[in-house]
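The next block holds one structure in the form of structure tokens; read it before the comments.
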Amino acid sequence: MKTTNYRLQTEIEHLTSPSKKEWFKNYLKEILESDKPYYVKCDYIALSFLELDNKIAYLSSEIKILTELKKKLQQAKTLGLEIAAEILQEYGIDKIEGTAISSFTITPPRKNIKTDIRIKDPQKVMELGYVKFDVDKKAIEKALQFPELFEELEPYVDVEYIEEDVPARLKINKKRNSVNSADTVEIINAA
């Protein structure tokens, strides 16, 4: 993506404090009071803002791509740790000591319980004080742990507990002191 950096655009990008605001106003006045034709002034001002739009669109696109990549890498890492734990368990291994890392261990399989709250009467729940701009589900989830608050909320909410299986995973236990990257490369090459 080819971009042009106009001075006005740079001044706009640095509008972060009241002192910069005054500087920007004065620079904009200089542009308007210059001897250049009105259409040049118009184009210069408009193109400066349009270049910012281009930068914003580019960054939005890059953020979206990086977010998708991050999600894929997290999923791949999770799956990799689960497969590694499964294979190591097949060999009867639950822990191995390392030199670059302290050790790795296998976390046991467990179940996660998720709470799914469906609000039957949002207005009544909000009148009870469970509100942000909408119903505050996190506050309700905390309140449901107390019998007296559960009784207060029960007529207005349905609660369903969803059990999720979390398979065993490999857990890498890093050493407290950092390992020299040259040492790590040497260790990996020896393997």
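The values are calculated or read from the model by the stated rules, or taken from the named source; none is laboratory data. Predicted, not measured: the structure shown is a model, and the values here were computed from it. All Cβ positions, even for glycine, are placed from backbone atoms using ideal geometry, and neighbour counts span all protein chains on display. Surface accessibility is based on the protein's heavy atoms, side chains included, excluding ligands, DNA and RNA. Shrake-Rupley method; radii C 1.70, N 1.55, O 1.52, S 1.80 Å.
Data for the structure
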item	result
Contacts under 7 angstrom Cβ, first residue in the stretch 14-34 being within 15 Å of S48 (Cα to Cα), partner in a helix (DSSP H, G or I) and of a type in the set (F, W, Y), 6 or more apart	L15/F24; I31/Y44
Number of positions in the stretch 26-51 that are closer than 13 Å to L8 by Cα and of a type in the set (D, E, K, R)	5
Residue in the stretch 122-129 that is of a type in the set (D, E) and either under 24 Å from the mean Cα position of the chain (by Cα) or part of a helix (DSSP H, G or I) (or both) present	yes
Test for N26: is it in contact with a helix residue (DSSP H, G or I) (Cβ under 8 Å, 6 or more places away or on another chain) and exposed (fewer than 12 other Cβ atoms within 10 Å of the Cβ)	no
Residue satisfying condition, being of a type outside the set (V, I, T) and in contact with a helix residue (DSSP H, G or I) (Cβ under 7 Å, 6 or more places away or on another chain), within set K111, K124, K137	K124
Answer from Y44, Y58, Y130 - the residue that is in contact (Cβ under 8 Å) with a residue 12 or more places away in the chain, surrounded by 12 or more Cβ atoms within 10 Å (Cβ to Cβ) and not assigned by the TED database to the domain that holds K25	Y130
Residue match in the stretch 46-56 (condition: among the β-branched types (V, I, T), within 30 Å of N5 (Cα to Cα) and assigned to a helix (DSSP H, G or I))	yes
Filter result for A100 (within 12 Å of K171 (Cβ to Cβ), out of contact with any Phe, Trp or Tyr (no Cβ under 6 Å at 6 or more places or on another chain) and open to solvent by less than 60 Å² (accessible area, probe 1.4 Å))	no
Residue check for T67: β-branched (V, I, T), open to solvent by less than 70 Å² (accessible area, probe 1.4 Å) and out of contact with any helix residue (DSSP H, G or I) (no Cβ under 6 Å at 6 or more places or on another chain)	no
Hits in the stretch 129-175 - residues which are in contact with a Ser or Thr (Cβ under 7 Å, 6 or more places away or on another chain) and not aromatic (F, W, Y)	E141, V159, A168, R169, K171, N173, K174, K175
I101 vs. criteria more than 30 Å from K142 (Cα to Cα) and in contact with a strand residue (DSSP E or B) (Cβ under 9 Å, 6 or more places away or on another chain)	yes
Test: residue in the stretch 86-97 that is farther than 18 Å from P167 by Cα and without any contact (Cβ under 8 Å) to a residue 60 or more places away in the chain	yes
